[in-house]
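Below is one structure, written out as structure tokens, with a few remarks after it.
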Amino acid sequence: MLLQPEQRTKLDESNDAYFYDVPRFVTHVDAGFINRLTHLYRQRLTPNSRILDLMSSWVSHLPEELEFDWVEGHGLNAEELAKNPRLNHFFVQNLNDNPRLPLEDKSFDAVLNTVSVQYLQQPEVVFAEIHRVLKPGGVAIVSFSNRMFYQKAIAAWRDGSESDRVALVKGYFKSVPGFSAPEVIAYAPPVPGFLQMLGLAMADPFYAVIASRLPSA
């Protein structure tokens, strides 16, 4: 088993739909993180391809100059998703209640997940679904920082260090046969000594774990 039952628990065990019922038209990471993510998308995503933005909101951070054939959005707040100008269509679904995606096999060239992986209580099932909906050769990009809604993040995430969290997401990919070896991109901003003493950082760290569906899988 990838995670023990206690590692999947949240401090707030109420239904996630209640927590996300009110829209939040804010960005949950700083401009430096967003710029790095958009640049990564610019490098790794193919124009005129089909994109699934999993656990999305009112913004997808996709490069403005890139056009895609279709961008499917998913999230927990319909009002946020309706405001996202990059989405061609969206659906609302609580993956902790039902991790199975209502999407066809091999239907997307890329699956994106931005600063949300920490909330998945059945990550191995969701990552198997990501593999299922990816076309052979398609890429999955999971990005995150050190911010979270603490009461909604699973214990394995809350209790781990930043390197532990990277290893956790790599493990999610490795738990699914047919993914390539996960690639990690990390940027941890330097912190002056006096801020380290205070436990403060200058900017959000950036982490992305990337894997592709193997052509033969």
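Laid out as a table, the results:
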| item | result |
| --- | --- |
| Unmet requirement for Arg165, which otherwise passes all of (1) charged (D, E, K, R); (2) assigned to a loop (DSSP other than H, G, I, E, B); (3) more than 27 Å from Val71 (Cα to Cα) | (2) |
| Single residue of the range 188-199 satisfying the filter (in a loop (DSSP other than H, G, I, E, B) and at pLDDT below 55) that is most open to solvent (accessible area, probe 1.4 Å) | Gly199 |
| Failed item, numbered, when Lys152 is tested on (1) within 25 Å of Asp12 (Cβ to Cβ); (2) at pLDDT 95 or above | (2) |
| Filtered residue count, the range 146-187, keeping only those that are open to solvent by less than 60 Å² (accessible area, probe 1.4 Å), of a type in the set (A, V, I, L, M), more than 21 Å from Val126 (Cα to Cα) and free of Cβ contacts under 8 Å to residues at least 40 places away in the same chain | 0 |
| Filter pass, Val115 being β-branched (Val, Ile, Thr), surrounded by 14 or more Cβ atoms within 10 Å (Cβ to Cβ) and in contact with a Gly (Cβ under 8 Å, 6 or more places away or on another chain) | no |
| Where Glu72 falls short, out of the listed (1) of a type in the set (D, E, K, R); (2) buried (at least 21 other Cβ atoms within 10 Å of the Cβ); (3) modelled with pLDDT under 95 | (3) |
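Condition check ((1) charged (D, E, K, R); (2) buried (at least 21 other Cβ atoms within 10 Å of the Cβ)) across all residues:
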{"position": "Glu104", "(1), (2)": "yes, no"}
{"position": "Gln122", "(1), (2)": "no, no"}
{"position": "Val126", "(1), (2)": "no, yes"}
{"position": "Val133", "(1), (2)": "no, yes"}
{"position": "Pro136", "(1), (2)": "no, no"}
{"position": "Phe144", "(1), (2)": "no, yes"}
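Residue-wise test of (1) free of Cβ contacts under 8 Å to residues at least 24 places away in the same chain; (2) charged (D, E, K, R); (3) over 19 Å from Ser212 (Cα atoms).
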site: Tyr18; (1), (2), (3): yes, no, yes
site: Leu45; (1), (2), (3): no, no, no
site: Ile51; (1), (2), (3): no, no, no
site: Val71; (1), (2), (3): yes, no, no
site: Phe90; (1), (2), (3): no, no, yes
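The values are calculated or read from the model by the stated rules, or taken from the named source; none is laboratory data. What you see is a predicted model, and the numbers here were worked out from it, not measured in a lab. When we count neighbours, we look across all protein chains shown, and the Cβ atoms used for this are built from the backbone with ideal geometry, even at glycine. What goes into the accessible areas is simple: the full protein's heavy atoms, side chains included, and nothing from ligands, DNA or RNA. Shrake-Rupley method; radii C 1.70, N 1.55, O 1.52, S 1.80 Å.
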